[in-house]
């Protein structure tokens, strides 16, 4: 055990510090301090040695330099068992510092209060909240944990006081090492916050100062809105034909390639306003196209088409009958390309192999939110059968297919599937019942029989009404995340009507 005889205390927030000071004073600890902390300790009635008296230098540069001095860091870093270190302390009249209590300038809080994270502005107040002395004291004391206790956060004040009360003002190596570990965590987190702030600033500063560095689009979502694309489209596609990509084209294309990344067998999809209105997997690409197109022959007009298979002349001939904005494929046969390029404005994109970004961003309010992309793809092992009737193997494949489609539709959403073909979907509705009724109506409009179809929902069913409506429409199996307090009501309905239900435990909201 090592008894604490001296303490350097310099903190920004004084909350709870008085308890620790009183405890240290009972142990006759010598206090060293600066500025506001010194005044706080003196107000409690205890003597303090000003750091200025120790260093023989005043606080300079507007407070930027107070503790950065060999007489401070020597007292912290000196190895008590090292005779040469102790001799140098005596030679230069440096006191041993057994305890360092420091918190850091509130950088994160200042950034939040300033509301400048995405403005490109580095204010002087933010810069001044980048702690130099404090972070150095923390690292020095943590490094010398064999001899020095480092208190780096307010939550440790009471804990240390209690430990000292129980141990006659002394600490053991295990205690000091644990506090050192926590201190390095504080230091790491603090530096990471600063690094992230500067990293987030740079792209927005660049946008602000160099707006024309991006590719200026014809307009944004609507003609009265300006639009710019910051990125290199040529890393993702070879542009084989067509007019300049628009803002809306890019948004739809992004949605299309993320949807198609879910499928491995020959698949075709048709998207409109980022939502898939037709998706199908088949043995050949032309069969996949025919099945996908059949799901909604109206919405396909002017849509974005995508496949994960080579477009051959047979498929190209079938597609050529439709007016569409964009066609994306990994390859095109020469004769297919010759046919499709006869219409000069038709955009044809040959997709390259590339790494999807790990994060997605959205601007809102006065900032930006970011999240990981939803890359979870459910497989057979993720399905938990919760009904008496288990789905057949064919139903499982349809359920997984439907779940993939639902994941890429705007919430609230329902996807109805049979034989790996999207029969109909309802999306962007304020209730799941509305989404289901929309899907059933669409299936009827395009002549699909829902007998034996399966249903996927992006989130749980709060009531059994959806499974009841689905049952009456002929749907025999359901997939959803589960998690409602009334899950059992839906399960009970399915059991009473010989329906199969599986739960995944994974929600796929898409706003």
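We did not get these values from a lab; they are worked out from the coordinates using the rules stated. Model, not experiment: these values are computed from the prediction. When we count neighbours, we look across all protein chains shown, and the Cβ atoms used for this are built from the backbone with ideal geometry, even at glycine.
With angles folded into 0 to 90 degrees, how steeply does helix 17-26 sit against the dominant principal axis of the chain? Use alpha carbons for both and round to 10. In the chain, helix 17-26 runs at an angle near 30 degrees to the longest axis. Across the chain, the mean sequence separation of Cα contacts (distance under 8 Å, 6 or more residues apart), normalised by length, yields a relative contact order of 9 percent.
Once the Cα-Cα distance is subtracted from the 0.36 nm per residue extended length, the residue 364 to residue 343 segment shows a gain of 3.7 nm. Computed extension gain for residue 484 through residue 430, at 0.36 nm per residue and net of the alpha carbon distance, reaches 17.7 nm.
Look at [x] 0.96; [y] 1.10; [z] 1.40: the one that is Cα Rg over 2.2 N^0.38 Å derived from this structure is [z].
Taking 0.36 nm per residue of sequence separation and removing the Cα-Cα distance, the residue 297/residue 251 pair yields an extension gain of 14.4 nm. As a calculated quantity, the FRET efficiency between residue 235 and residue 192 at R0 = 45 Å, using C-beta atoms, amounts to about 0.95. Shown is the FRET efficiency for residue 228 and residue 59, computed with R0 = 56 Å from the Cβ-Cβ distance and rounded to the nearest 0.05: 0.70.
Indicate the gyration tensor shape class of region 381-503 (rounded, prolate or oblate), computed on the Cα atoms with a ≥ b ≥ c the square roots of the eigenvalues: a/c under 1.5 is rounded; otherwise a/b larger than b/c is prolate and the rest oblate. In terms of gyration-tensor shape, rounded. The calculated FRET efficiency for the pair residue 177 and residue 15, based on their C-beta separation and a Förster distance of 35 Å, comes to about 0.85. Peptide packing for 350-359, 319-328 was compared via the average number of neighbouring C-beta atoms within 10 Å per residue; ordered from the highest value, the list is 319-328, 350-359. Taking 7 Å steps out from each Cα toward its Cβ at residue 244 and residue 27 produces label points 7.1 nm apart. Note on residue 497 and residue 125: the model spin-label points, each 7 Å out from Cα along the C-beta direction, lie 6.0 nm apart. Taking the longest Cα principal axis of the chain as reference, the axis of helix 487-496 is set at about 30 degrees. Mind running the shape call on region 233-351? Use the C-alpha gyration tensor, a ≥ b ≥ c as the square roots of the eigenvalues: rounded below 1.5 for a/c, prolate if a/b tops b/c, oblate otherwise. Judged from the Cα gyration tensor, region 233-351 comes out rounded (a/c under 1.5). In this rough spin-label picture, where each label sits 7 Å from Cα along the Cβ direction, the residue 49-residue 168 distance is 2.4 nm.
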